[in-house]
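S.K.: I have a structure here, written as structure tokens, and I will follow up with some questions on it.
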Ligand SMILES: [Zn+2]
Ligand SMILES: [Zn+2]
């Protein structure tokens with residue numbers, strides 16, 4: 001892999017990753033599952049292709065029911081991101097896990113219908129009622 005372009009990791013530093021390319025995807029997700037998984041009122045994601053991601057230290061752990069697996073650090077518990085088997089060879093990092101989250105503004109809202117009523121976000125980004133990326137099945141899922 002060429003020189004890292006972007007880097008990120010967990011809060012204790014045991015899980016680190018780097019990317020050799022820019023993201024193909026950015027989005028907010030307002031779904032209840034992301035809220036529960038992170039404890040946050042809204043989550044932002046940044047997506048990269050797996051062949052552009054290297055894990056530079058530590059071992060990322062996963063949990064969840066297929067097809068969705070969420071990634072986290074088993075040492076500090078920090079959420080890292082998720083993968084969806086229906087969207088193969090892609091990893092969606094929580095934007096705040098990036099070293100420079102300011103560089104990845106979300107470009108859309110997923111599950112906008114589940115946005116918390118007291119959360120004020122003033123933007124004109126596209127708002128999707130459900131997922132922002134089509135899946136081969138109709139199962140409800142994240143992002
Ligand atoms: Zn950690
Ligand atoms: Zn979600």
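S.K.: Check the range 84-98 and report whether any residue there is more than 19 Å from residue 23 (Cβ to Cβ) and buried (at least 21 other Cβ atoms within 10 Å of the Cβ).
M.R.: no
S.K.: Next up: Anything in the range 1-17 that is surrounded by fewer than 20 Cβ atoms within 10 Å (Cβ to Cβ) and either within 16 Å of ligand 1 (Cβ to nearest atom) or touching a residue at least 40 places away in the same chain (Cβ under 8 Å) (or both)? List them, or say none.
M.R.: The first filter runs over the range 1-17 and keeps only residues surrounded by fewer than 20 Cβ atoms within 10 Å (Cβ to Cβ), leaving 1-5, 7, 11-14, 16.
Residues satisfying the conditions are 1, 4, 7, 11, 12, 13, 14, 16.
The rows are residues; the columns are (1) modelled with pLDDT of 95 or more; (2) in contact with a helix residue (DSSP H, G or I) (Cβ under 9 Å, 6 or more places away or on another chain).
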residue	(1), (2)
18	yes, no
22	yes, yes
36	yes, no
40	yes, yes
46	yes, yes
56	no, no
59	no, no
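S.K.: Name the residues in the range 23-82 that are surrounded by fewer than 18 Cβ atoms within 10 Å (Cβ to Cβ), farther than 17 Å from residue 11 by Cα and touching a strand residue (DSSP E or B) at 6+ places or on another chain (Cβ under 7 Å), would you?
M.R.: Residues satisfying the conditions are 24, 49, 50, 54, 63, 64, 67, 69.
S.K.: A further question follows. Can you confirm whether the range 43-56 contains a residue that is farther than 19 Å from residue 20 by Cβ, more than 16 Å from ligand 1 (Cβ to nearest atom), within 15 Å of the chain's Cα centre (by Cα) and not in a strand (DSSP E or B)?
M.R.: Scanning the range 43-56 turns up no residue that is farther than 19 Å from residue 20 by Cβ, more than 16 Å from ligand 1 (Cβ to nearest atom), within 15 Å of the chain's Cα centre (by Cα) and not in a strand (DSSP E or B).
S.K.: Follow-up. Please specify each residue of the range 78-91 satisfying the condition of being more than 15 Å from residue 135 (Cβ to Cβ) and without any contact (Cβ under 8 Å) to a residue 60 or more places away in the chain.
M.R.: Step one: filter the range 78-91 for residues more than 15 Å from residue 135 (Cβ to Cβ), giving 78-81, 91.
Answer for the range 78-91, where residues must be more than 15 Å from residue 135 (Cβ to Cβ) and without any contact (Cβ under 8 Å) to a residue 60 or more places away in the chain: 79, 81, 91.
The values are calculated or read from the model by the stated rules, or taken from the named source; none is laboratory data. Bear in mind the structure is a predicted one, so any value in this text is a computation, not a measurement. Note: ideal-geometry Cβ built from the backbone for every residue, glycine included; neighbour counts use all protein chains shown.
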